[in-house]
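The values are calculated or read from the model by the stated rules, or taken from the named source; none is laboratory data. These numbers come from a predicted model, not from an experiment. For neighbour counting, all protein chains shown are included, and Cβ atoms are generated from backbone atoms with ideal geometry for every residue, glycine included.
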Amino acid sequence: MKLPQLSVFLENRPGSLMEPLKVLAAADINLVSISLADTEQFGILRLVLKDWEYAKSVLEKDGWVVNVTDVVAVDVDDQPGGLVKMLAVLAEAGINIEYMYAFALRRNVKAVLLFRFEDPDAAIEALEKAGIGVIQEAELY
């Protein structure tokens, strides 16, 4: 239910995003999802990959600082208010969202969003109890 996500810390300068991606491409590693957040001094590149352990080792061997965290892929109704409905379940359960981003996958009439929760296990339990789909790792890859 939880998916490993790599966070790679980058300098905030032209070309820095390309550098770790070139390392992954040279190792023939395909990205499943990608997100980039920044501040004035640095950026955080977040990646979901099928072979995340290999990707982590390749990046670290090249000198990148890599952190592994868990995210949860959630089926959200792809219609007005679909996300609001899902967020209401989490709010009622007292679950905090640290961040989220879209996933490049649509399933039937659902959009897939990735969430980093303060307590992923509680989030999964609340979502499943409310009948909201949480996607297994095997379904994504």
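Quick check, is Gly63 more than 22 Å from Met18 (Cβ to Cβ), at pLDDT 90 or above, loosely packed, with under 12 Cβ neighbours inside 10 Å and out of contact with any Phe, Trp or Tyr (no Cβ under 6 Å at 6 or more places or on another chain)? No: the conditions fail for Gly63. Would you mind stating whether Pro80 is surrounded by fewer than 12 Cβ atoms within 10 Å (Cβ to Cβ) and either more than 25 Å from Ile135 (Cα to Cα) or assigned by TED's automatic domain parsing to the domain that holds Asp121 (or both)? Considered against the rule, which asks whether it is surrounded by fewer than 12 Cβ atoms within 10 Å (Cβ to Cβ) and either more than 25 Å from Ile135 (Cα to Cα) or assigned by TED's automatic domain parsing to the domain that holds Asp121 (or both), Pro80 comes out as yes. Of all residues in region 1-15, none satisfies the criterion of being crowded, with 18+ Cβ neighbours inside 10 Å and modelled with pLDDT under 90.
Each row is one residue, and each column tells you yes or no for (1) over 19 Å from Ile135 (Cα atoms); (2) modelled with pLDDT under 95; (3) not assigned by TED's automatic domain parsing to the domain that holds Leu114.
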residue: Met18; (1), (2), (3): yes, yes, yes
residue: Asp28; (1), (2), (3): yes, no, yes
residue: Leu31; (1), (2), (3): no, yes, yes
residue: Lys56; (1), (2), (3): yes, no, yes
residue: Asp75; (1), (2), (3): no, yes, no
residue: Met86; (1), (2), (3): no, yes, no
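Number of residues in region 2-37 that are in contact with an Asp or Glu (Cβ under 8 Å, 6 or more places away or on another chain), in a strand (DSSP E or B) and not hydrophobic (A, V, I, L, M, F, W, C) equals 3. Taking the criterion of being modelled with pLDDT of 90 or more, part of a strand (DSSP E or B) and loosely packed, with under 14 Cβ neighbours inside 10 Å, the residues of region 98-141 that qualify are Glu98, Tyr99. Among the residues of region 48-94, the ones that are among the charged types (D, E, K, R) and farther than 24 Å from Glu139 by Cα come to 4 in all.
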